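Some notes on the structure that comes next.
Values in this text are rule-based calculations from the coordinates and carry no lab data. Note that this is a predicted model, so its numbers are computed, not measured. Positions of Cβ are backbone-derived with ideal geometry, glycine not excepted, and every protein chain shown enters the neighbour counts.
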């Protein structure tokens, strides 16, 4: 093969990964390999720092080398065959010259030609829709406004019903892309198998073990559900593909990727960041959320920090809804934001819980939608009493917050406002923007953030409770300047136990909320410390037990 080459020819042969002709030939052979039905892998051997000379090429320190000597620059010039274009004198000057090929050169003409073929010198994304997306009708969301009456359901169950409604919408339904790793039955989504079918490129090739059951595992070539198996990375890839289809295909799709919340941002955070970078649109649903709500599964599964990880992604709208109507409102408004008249390149993250309780009806207030989306709204006003306090709740913590408020009123004559905090991330980002505006406009009247406007002028202490780490509500703490603010949360590792035991362990149950409110009132001199001590003793709380963070 090389018998005709001289020793000098052999010495000058480049490695395969640096030989353009070999690369082209290998790529052509790969794309022409269509008959075998097998993929082709091209293995290319390359050297780190290629063309930079013997003192830099293939060395461990290559990434640390920031400057080149005159001699190294001359070696690079010679390797690139630019001797005639760049003189020794030019390289020995204070700054190496900027080399631009002449306009009549082959290189220049090639680059210009490729730029024109690719649509110009500035990368631009074309988002012209070949198939317009019709937004879903309000019928898909209506039922959640009325609550669940006497029936106890979880927000996961509510979302699953909403997803079915959206998939059934005659104009919108075919654009819905349900994506599930492997927990469809855990989330109660097996009810969709028979109706929507699970996508399989060759159809169902086997008889599933549940074939004689009503909710059996049904695959089809035209299936709509992407049931990926235990691969969060593969599921995120599908989410990105569907969520960028509006740009790559001109066909807007709406992916709903539902997963164990612990196995989302923590496990595939890099891919979620890539989704933001690619301007993906869609919904991430962190089901079985909460460090105490998912009981009995220990530290591997119990999520108390995905909302913190979500807060680091600029394009992510993160929400922690407590009620089915909040879930429906966020999904409806999210679809409008991402696919409406002025679409935004964002995606939404919603936590979903598996705890069943009666879902209340939505408020009749004309502004309830904007209040839910802004991240905080008054869910229940305080009764008229001498002493006041405010309790903020998120997600499944609403039950403990309500029970604490009832005890504080009945036993201690403390009237508590109850506020639903649907998104601390949204509140924080709006407050940061207001803070920045005020800093850059010192001569103008200062603006006030939503969280400051809603909470600063109230009476009494504020206690914020959720099934997540204290750092989640702490995102807004410094913007509340006129009242004390105490977060309660699930700092520490998860444990395998009942919900009641876990909430006592993490100190987010009703007794701990009561004690926290009373303690803050005593700190301001409103009540005596003895009342706090009495509440601690009556509820059987151990003041000397180790902090959950250290257990």
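Observations on the model:
- DSSP beta bridge pairing in the stretch 139-358, given as percent antiparallel to the nearest 5: 10
- For mean projected area of the Cα convex hull in nm², calculated from these coordinates, the label among [x] 32.3; [y] 38.3; [z] 22.7: [y]
- Helix content alone sets the calculated 222 nm mean residue ellipticity of the chain: runs of n ≥ 4 DSSP H residues at -39500 (n - 2.57) each, divided across all residues, give -10500 deg cm²/dmol.
- With contacts taken as Cα pairs under 8 Å and at least 6 residues apart, the chain reaches a relative contact order of 11 percent.
- In terms of its alpha-carbon gyration tensor, the stretch 285-371 comes out oblate; a/c meets the 1.5 threshold, while b/c is at least as large as a/b.
- For the peptides 352-361, 45-54, 152-161, the ranking by mean Cβ contacts within 10 Å, running from highest to lowest, is 152-161, 352-361, 45-54.
- Nearest 10 degrees, 0 to 90: helix 265-277 Cα axis against the chain principal axis: 60
- Degrees between helix 424-440 axis and first principal axis of the chain (Cα, 0 to 90, nearest 10): 70
- Gap separating the Cα centres of the stretch 198-269 and the stretch 340-369, nearest whole Å: 23
- Prolate/oblate/rounded call for the stretch 139-358, Cα gyration tensor, a/c under 1.5 rounded: rounded
- Among 316, 44, sorting on how many other beta-carbon atoms sit within 10 Å of each Cβ, with the fewest leading, yields 44, 316.
- Centroid-to-centroid separation of the stretch 104-161 and the stretch 507-547 [C-alpha atoms, Å]: 49
- Taking 273, 419 and counting other C-beta atoms within 10 Å, the order from fewest to most: 273, 419
- Among 67, 142, sorting on how many other beta-carbon atoms sit within 10 Å of each Cβ, with the fewest leading, yields 67, 142.
- On Cα atoms only, tilt of 324-339 relative to the major axis of the chain in degrees: 30
- Taking the DSSP beta bridges with both ends in the stretch 229-368, the antiparallel portion is around 5 percent.
- Antiparallel bridge percentage (DSSP; both residues within the chain; nearest 5): 15
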